[in-house]
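J.: Questions regarding the structure given below will be posed in turn.
The values are calculated or read from the model by the stated rules, or taken from the named source; none is laboratory data. Bear in mind the structure is a predicted one, so any value in this text is a computation, not a measurement. Note that each Cβ is placed from the backbone with ideal geometry, even for glycine, and that neighbours are counted across all protein chains shown. The area values use the complete protein model at the heavy-atom level, side chains included, leaving out ligands, DNA and RNA. Shrake-Rupley method; radii C 1.70, N 1.55, O 1.52, S 1.80 Å.
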Amino acid sequence: MRTTIRLVAGSLSLGVVLVAGVAAAGPLDGPGAAKALACSACHGPGGQSPSNTMPIIAGIAPWYFKKAIEDYAGGRRPSPEMEPYAKYVIQAGVDDLAAYFTGQARQPTAMRPDAAAIERGRAASKQCAICHGESGRGDAAKGSPDLRGQPPGYLRHQMLLFKADRRNPADETLKALKALMKTVPDDQIGDLAAYYSSLR
Amino acid sequence: MTRLTRREFLRTSGTGAGLGLLAAAGVAGCAPAIKGDFAPKAGRRVVVIGGGWGGATAAKYVRLADPSIEVVLLEPNQQFVSCPFSNLVLSGVRSIDSLTFGYGGLRSHDVKVYHAAASAIEPDTRRVRVGEGYLEYDRLIVSPGVEFQWEQVDGLAEAQDRVLHAWKAGRQTVQLARQLEAMPDGGVFVLTVPPVAYRCPPGPYERACQVAWYLKTRKPKSKLVVLDANQNVVSKAALFRAAWKDYPNLEYRASNKVVKVDPSTREVTTDFGDRVKYDVVNLIPPQRAGTIAVQADLVGADKRWCEVDHVTYESVKHKNVHVVGDSTIGLPVPKSGNIANAMGKICAVAVVHLLNGKEVPSMAPGNTCYSWVNDREAIAVVNAYKIEGGKVVQIEQKLTPSQSAEWAQHADGWARSIWQDILA
């Protein structure tokens with residue numbers, strides 16, 4: 001690493017290439033667009049997160065957006081980052097923001113997990129399909145969100161939070177899911193994340 | 001989706017024909033000079049001074065909000081170097097090139113980027129002077145960042161590159177990393193923290209962590225002395241103090257304002273008259289708004305910072321001139337990159353609404369701020385705000401309960417997203 005610094009200092013650094021993703025953001029009209037500007041620092045323009053850790057919220061189902069915001073704001077889904085922002089969203093108008101993000105065309109994550117991990121994840125995904133469906137698209141009636149094309153790092157982290165009972169710790173409706181997650185080895189959690197992130 | 005190649009980057013970064021070349025030459029202080037109205041205004045135009053976190057964001061978002069408005073960005077530097085994460089260059093955890101970006105993304109939004117410095121603002125005629133020439137604007141967004149108050153520390157102005165601040169990421173960051181690397185084991189590294197207000201409140205303490213981590217792992221007989229002008233750690237105090245338990249090589253002295261530096265004797269002097277010897281010094285000077293803001297009379301009675309309307313970011317002193325980023329004061333927000341980015345977006349939307357004769361939406365910024373406490377763990381503070389009675393008011397502040405690799409992963413994700421939000 002120290003060598004890298006020396007090399008860079010002595011030459012013209014062209015720097016890092018950023019991939020533009022703003023075309024998806026669209027014009028800043030509608031009541032939610034301006035309010036959603038606070039979200040793009042982490043979730044990307046239009047909710048199209050470019051990173052491995054922040055979820056894509058473009059095209060999110062409105063019921064799931066609202067549940068997430070209410071859970072964060074109420075402290076039921078503990079997050080030092082999202083609790084304040086969820087309170088901002090409620091203050092600004094959760095329906096406006098839900099409508100804005102729902103209206104954004106979702107592009108799947110640019111992260112490309114290892115093909116072998118995807119295949120292992122596919123083989124291990126049968127039990128997940130009961131709630132999330134064969135396609136991973138989720139089911140509002142069961143309260144299960146669409147997992148397709150989310151960043152693998154985000155999916156893996158959420159599964160680990162479920163497994164450790166750190167996501168919605170007191171939520172009775174998630175008991176069965178958490179019991180299931182406890183039976184899944186950590187490396188298989190990575191495979192499942194790879195698989196669902198690869199779905200379109 | 002567009003991806004800039006090296007060739008495209010070079011083509012669009014000031015080596016092209018016409019004004020870009022003139023402007024680039026103007027930076028170096030040599031002919032050909034810019035003269036007269038060097039880019040006559042055809043339609044409505046927003047000029048942005050400063051292509052950092054606030055200005056670059058504002059330039060892009062004016063174009064996104066209304067593509068019929070021309071945007072001209074004046075930024076002397078050919079490249080954007082991120083201050084957030086630059087403390088990791090000192091510890092060798094990241095390279096400076098991983099924090100360095102071109103302005104090609106802004107050009108793809110038809111932002112006209114001139115690598116030139118604005119030399120004066122003429123609010124009455126709505127002109128910005130650049131060298132011997134000028135540009136006309138309908139609205140001006142000024143995002144000049146901070147300037148150092150060299151005169152506040154005796155000997156600092158004369159010391160020049162012998163005493164580094166490394167508080168504007170770039171050349172000095174790399175120089176300081178080299179000094180740290182070259183310091184003999186057993187040496188003393190002195191880091192000084194300026195009195196508030198200054199850019200990035202937790203920044204000096206994150207830097208202390210990175211330097212202490214580097215010394216602990218590479219030069220275990222060495223010591224870091226932090227001389228803080230403030231009475232306590234300014235930001236995330238409990239979390240930083242918890243992190244410092246891993247660094248017995250770190251000596252923190254509160255209420256120790258450095259008033260003098262002498263590179264010939266390698267010594268700093270505090271306002272109590274205490275002298276501290278150093279092998280390497282990193283003196284972060286006291287700060288004020290960028291020079292153009294002071295010259296243009298955008299600063300308040302303190303002669304340091306710019307007061308603005310909390311909804312439009314229009315200067316309280318000059319009409320049609322907006323100020324965003326670290327040079328502002330009066331909002332209950334920290335001088336952070338995330339806040340500058342948020343101000344840039346809100347101001348851009350406000351300016352577009354004003355130019356279109358529409359009511360400006362009331363939007364509050366948000367603050368997400370991560371600090372790395374070693375090579376793999378971070379802490380964070382997050383602030384949410386609302387607008388109440390035309391003023392920014394804090395809704396809530398949350399801190400991470402402890403340091404962990406989890407927050408560091410989030411920090412990486414945040415950086416990737418926000419750099420794109422600013423520049424891509």
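J.: In whole Hz, with x marking every Gly and Pro, tabulate ³J(HN,Hα) for the range B:250-263 from phi via Karplus 6.51 cos²θ - 1.76 cosθ + 1.60, θ = phi - 60°.
T.: 9, 10, 9, 10, 6, 6, 10, 7, 7, 10, 8, 9, 9, x
J.: In nm, give the distance between the simple-model label positions of B:E396 and B:E181, each being 7 Å from the Cα along the Cα-to-Cβ direction.
T.: For B:E396 paired with B:E181, the spin-label model returns 4.4 nm.
J.: Averaging sequence separations of C-alpha pairs under 8 Å and six or more residues apart, then dividing by the length of chain B, give the relative contact order as a whole percent. Don't skip to the answer; put the middle values down first.
T.: Details: 949 pairs, mean separation 72.4, N = 424.
It rounds to 17 percent for chain B.
J.: Hey, can you rank B:73-83, B:213-223 by average C-beta count inside 10 Å, highest first? Walk me through the intermediate numbers first.
T.: Numbers: B:73-83: 21.6, B:213-223: 17.8.
My ranking of the peptides, most packed first, is B:73-83, B:213-223.
J.: What residues qualify as long-range amide H neighbours of B:I121, i.e. H under 5 Å apart, gap of 5 or more or another chain, H built at 1.01 Å from N?
T.: B:R129
J.: Once amide H atoms are placed 1.01 Å from N in the peptide plane, what residues at a sequence separation of 5 or more from B:V48, or on another chain, have their amide H within under 5 Å of its amide H?
T.: Long-range HN contacts for B:V48: B:V72, B:L73, B:L74, B:I141.
J.: Can you give the charge dipole size of the protein assembly as shown about its Cα centre, rounded to the nearest 20 debye, using +1 on the beta carbon of Lys and Arg and -1 on the beta carbon of Asp and Glu? Don't skip to the answer; put the middle values down first.
T.: Numbers: 74 positive and 60 negative charges, 216 e Å.
In debye, rounded to 20, the protein assembly as shown gives about 1040.
J.: If R0 is 45 Å, what FRET efficiency do you get for B:R253 and A:A115 from their C-beta distance, rounded to 0.05?
T.: Plugging the Cβ-Cβ distance into 1/(1 + (r/R0)^6) gives 0.20.
J.: In whole Å, how far is the Cα centre of the range B:174-221 from that of the range A:121-178?
T.: 43 Å
J.: Here is a further query. So if we plug the beta-carbon distance of B:R241 and B:D37 into 1/(1 + (r/R0)^6) with R0 = 56 Å, what FRET efficiency do we get, rounded to 0.05?
T.: Working: r = 56 Å, r/R0 = 1.00.
After rounding, the FRET efficiency stands at 0.50.
J.: Got the relative contact order for the range B:172-296 handy, in percent, Cα pairs under 8 Å and 6 or more residues apart? Before the final figure, lay out each step's value.
T.: Working: 205 pairs, mean separation 40.3, N = 125.
Contact order relative to length: 32 percent.
J.: To continue, here is another question. What FRET efficiency would be calculated for the residue pair B:D110, A:A105, taking the C-beta separation as r and a Förster radius of 25 Å, to the nearest 0.05? Write out the running numbers ahead of the final one.
T.: Values: r = 23 Å, r/R0 = 0.90.
The calculated FRET efficiency here is 0.65.
J.: Could you work out the relative contact order of the range A:29-102? I mean the mean sequence separation of Cα pairs under 8 Å and 6+ apart, divided by the number of residues, in percent. Each step should come with its number before you reach the end.
T.: Numbers: 81 pairs, mean separation 27.4, N = 74.
Taking the mean separation of contacting Cα pairs over the length of the range A:29-102, I get 37 percent.
J.: Sticking with this structure for a sec: For the range B:119-160 and the range B:320-347, write down the distance between their C-alpha centroids in whole Å.
T.: First find each Cα centre; the distance between them is then 17 Å.
J.: Using a 10 Å cut-off on Cβ atoms, rank the peptides A:144-150, B:389-395 from the highest mean neighbour count down. Intermediate values should be presented prior to the final figure.
T.: Details: A:144-150: 21.4, B:389-395: 13.7.
Final packing ranking: A:144-150, B:389-395.
J.: To the nearest 500 deg cm²/dmol, what mean residue ellipticity at 222 nm is calculated for chain A from DSSP H runs of n ≥ 4 alone, each contributing -39,500 (n - 2.57), summed and divided by the residues? Don't skip to the end; give the middle numbers.
T.: Values: 11 runs with 99 residues, N = 200.
Mean residue ellipticity at 222 nm (helix-derived): -14000 deg cm²/dmol.
J.: Peptide B:342-353: average number of partner chain Cβ atoms within 10 Å per residue?
T.: On the way: counts 4, 0, 1, 8, 3, 0, 2, 4, 1, 0, 1, 2.
That works out to 2 on average.
J.: Report the one residue of B:S235, B:G325, B:G357 whose Cα lies farthest in the direction of the positive end of the charge dipole of the protein assembly as shown (charges on C-beta: Lys and Arg +1, Asp and Glu -1; origin at the Cα centre).
T.: B:S235
J.: Okay, next question. Is there a pair in A:K67/B:K335; A:K66/B:K398; B:K277/B:K303; A:K87/A:K182 whose C-alpha atoms are over 24 Å apart, and which pairs would that be? Please report the intermediate quantities before stating the final value.
T.: On the way: A:K67/B:K335 32 Å; A:K66/B:K398 21 Å; B:K277/B:K303 33 Å; A:K87/A:K182 31 Å.
Pairs exceeding 24 Å: A:K67/B:K335; B:K277/B:K303; A:K87/A:K182.
J.: Same structure, new question: Taking 7 Å along the Cα-to-C-beta vector as the label spot, tell me the B:D161-B:N232 distance in nanometres, rounded to one decimal.
T.: 4.1 nm
J.: Non-local amide H neighbours of B:V225 (under 5 Å, H modeled in plane, Pro and chain starts lacking H): which ones?
T.: B:F189, B:V190, B:L191, B:E251
J.: Nearest-5 percent of antiparallel DSSP beta bridges in the protein assembly as shown? Provide the component values of the computation, followed by the final result.
T.: On the way: 39 of 77 bridges.
Bridges in the protein assembly as shown are about 50 percent antiparallel.
J.: Quick one: what are the phi-derived ³J(HN,Hα) couplings along the range A:89-101, Karplus 6.51/-1.76/1.60 with θ = phi - 60°, whole Hz, x for glycine and proline?
T.: Rounded to whole hertz, the list is 4, 5, 4, 6, x, 5, 5, 4, 6, 4, 4, 4, 5.
J.: Run the reach check for A:K178 against aspartates and glutamates, Cα to Cα strictly under 19 Å, same-chain hits fewer than 8 apart removed. What comes back?
T.: A:D71, A:D139, A:D146, A:D165, A:D186, A:D187, A:D191
J.: Another question, if that's okay. Divide by every residue of chain B the summed helix terms, -39500 (n - 2.57) for each DSSP H run of at least 4, and state the resulting mean residue ellipticity at 222 nm, rounded to the nearest 500 deg cm²/dmol. Please report the intermediate quantities before stating the final value.
T.: Numbers: 12 runs with 120 residues, N = 424.
Per the formula, -8500 deg cm²/dmol.
J.: A follow-up question, please. Just tell me which lysines come within less than 28 Å, Cα to Cα, of B:K41; anything on the same chain fewer than 8 places away is out.
T.: Within the straight-line limit of under 28 Å, B:K41 reaches these lysines: B:K60, B:K112, B:K317, B:K319, B:K345, B:K358.
J.: Just read off the accessible area of A:D186 with the full protein assembly in place, 1.4 Å probe, to the nearest 10 Å².
T.: 80 Å²
J.: For B:K257, give me every one of the aspartates and glutamates with a C-alpha distance below 15 angstrom, ignoring sequence neighbours fewer than eight places off in its own chain.
T.: Correct list for B:K257: B:E151, B:D154, B:D228, B:E267, B:D271, B:D274.
J.: Okay, moving on. Anyone know which of A:A123, A:A86, A:A58 comes out most mobile in the 10 Å Cα GNM of chain A?
T.: For chain A, modelled as a Gaussian network with Cα springs under 10 Å, the answer is A:A123.
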